[in-house]
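What follows is one structure encoded as structure tokens, with my remarks underneath.
The values are calculated or read from the model by the stated rules, or taken from the named source; none is laboratory data. Not measured: the values here are computed from a predicted model. Here the Cβ is made from the backbone with ideal geometry for all residues, glycine too, and neighbour counts use every protein chain on show.
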Amino acid sequence: MALIMLMGFIALVALPSVLWLYALADVIINDFGSLLPKIVWLAALCFFPPLGTILYFLVGRSQRTTCYPVGRVVVLGLFILPAVLIAAYILYSLGHVNFVPPPPAGIRI
């Protein structure tokens with residue numbers, strides 16, 4: 001049962017997330033003919049992630065004027081972001097970091 005759940009997680013969450021992150025990094029790093037296509041692809045990827053990712057790989061990659069590799073950026077993002085989130089969770093659970101200010105000690109009228 002756990003193997004089926006893991007396969008479902010990879011198929012439905014992990015793989016589309018990596019493809020979306022790759023497309024987003026590709027749009028940010030590479031140049032297009034003008035600024036307008038870049039803004040349109042960024043908006044499509046941010047507001048409609050599944051559809052924007054599919055359309056970018058079908059149409060948008062041919063509109064680039066440069067072809068810089070973005071694999072390292074994506075891999076760093078996949079490893080650094082979870083590590084930062086785990087460290088923040090550990091620090092928060094140990095009481096070293098508070099993300100919400102403490103309530104006032106008393107209210108004077």
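Here is how the numbers come out for the structure above:
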read-out: Output for region 67-83, where each listed residue is within 15 Å of residue 27 (Cα to Cα), touching a helix residue (DSSP H, G or I) at 6+ places or on another chain (Cβ under 8 Å) and of a type outside the set (Gly, Ala, Ser); value: 68, 70, 73, 74
read-out: Residue check for residue 27: among the aliphatic types (A, V, I, L, M), under 21 Å from the mean Cα position of the chain (by Cα) and modelled with pLDDT under 80; value: no
read-out: Some residue of region 24-44 being without any contact (Cβ under 8 Å) to a residue 24 or more places away in the chain, touching a helix residue (DSSP H, G or I) at 6+ places or on another chain (Cβ under 7 Å) and of a type in the set (Gly, Ala, Ser); value: yes
read-out: Scan of region 48-70 for residues that are exposed (fewer than 15 other Cβ atoms within 10 Å of the Cβ) and not in a helix (DSSP H, G or I), ordered by number; value: 48, 59, 65, 66, 67, 68, 69
